[in-house]
Amino acid sequence: MSDQKPSTDSIHKGSIHDEKSQSSKKVRSSKKTKSNKKLIGYLLLSVVGMFGFGFALVPIYDIMCEQLGINGKTNTEAASSQGIQVDTSRLVRVQFMSQVSPNMPWQFEPVQAQMDVHPGQVIRTSYRAVNNSNIAMIGQAVPSVAPGIAATHFNKVECFCFNHQPLQANTEAELPVIFYVDKDLPSSINRLTLSYTLYDITESGQSSSQPVPQPASRPIKETQQDKNTIQNLSRGASESFAQSSHSSPNELN
């Protein structure tokens, strides 16, 4: 039985088929390469977009919170108390709290733990700061009000938080704050908390070209009466509004 040789037509058709197959592979490979390049481009754009959004998120958040009054930030400049009227038909309890940043050797607490005030009434109170270190330091207090929606209704006429607070080694100072609560504070809010966090800015404060105002300071002379007062204030700051509401309201001048 004789061998049959492939015809010229079959060889030609096979060659055409191979060329088409190779061409199809090249097209698919080219499309896949373009698709990968697009995917890489989209991923790079996404990374850049995420970084940009991360940088823009903080100022956007601050702007939104400032407009909505939900971040607890109070006014950073002195408010005017002229022309305000006192609403004697209503009392709002204001509680005072304090915190000191870690590793800062200062004592910092309110002189009075809480008080009841009439909206529109100008009130003066103070905080006590003690530098327990052996070197001069500079502190900066950052205030906040809770609930956050009440922050826009809490006005500081004078506040130690407006300036840096330098203290010599082993000295103390009384830091005053004068404030009033707006008459248009929502009726659903009958208690708010003013809190200060004290930060150590000694290095940045010393490098500033602006003069730092000096508070009236005095050497530390802690007596047993001072210790008792601080203990009483600590207990008063931790009391809840429900527990303290059984007592008669503070007399206001």
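The values are calculated or read from the model by the stated rules, or taken from the named source; none is laboratory data. It should be emphasised that the depicted structure is a prediction, and the values quoted were computed from it without experimental measurement. As a convention, Cβ positions derive from the backbone with ideal geometry for all residues, glycine included, and neighbour counts pool all protein chains shown. Keep in mind that these areas ignore ligands, DNA and RNA; they rest on the heavy atoms of the full protein, side chains included. Shrake-Rupley method; radii C 1.70, N 1.55, O 1.52, S 1.80 Å.
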(message) Taking the full set of protein chains and a 1.4 angstrom probe, give the accessible area of ILE149 in square angstrom, rounded to the nearest 10.
(response) 90
(request) For segment 190-203, just list the computed ³J(HN,Hα) in residue order, Karplus coefficients 6.51, -1.76 and 1.60, θ = phi - 60°, integers in Hz, with x standing in for Gly and Pro. (result) 10, 8, 9, 10, 9, 10, 10, 10, 9, 10, 8, 10, 4, 5
(request) Please give the FRET efficiency for ARG90 paired with ASN170, using the beta carbon to beta carbon distance and R0 = 45 Å, rounded to the nearest 0.05. (result) 0.55
(message) Positive end of the dipole of segment 115-212, charges at C-beta (+1 Lys, Arg; -1 Asp, Glu), about the Cα centre: which of PRO176, VAL130, ASN163 has its Cα farthest in that direction?
(response) PRO176
(request) Please list, in chain and number order, the residues 5+ apart from VAL111 or on another chain whose amide H is under 5 Å from its amide H, with Hs placed from the backbone. (result) SER126, TYR127, ARG128
(request) Leaving ligands, DNA and RNA out of it, rank ILE123, ILE84, ILE40 by accessible area with a 1.4 Å probe, largest first. (result) ILE40, ILE84, ILE123
(message) What are the ³J(HN,Hα) couplings of segment 163-173, residue after residue, when phi is run through the Karplus curve with 6.51, -1.76, 1.60 and θ = phi - 60°? Round to Hz, x for glycine and proline.
(response) 9, 5, 10, x, 9, 6, 4, 6, 10, 9, 8
(request) Between SER188 and VAL111, with labels modelled 7 Å along Cα→Cβ, what's the label distance in nm to one decimal, could you check? (result) 3.6
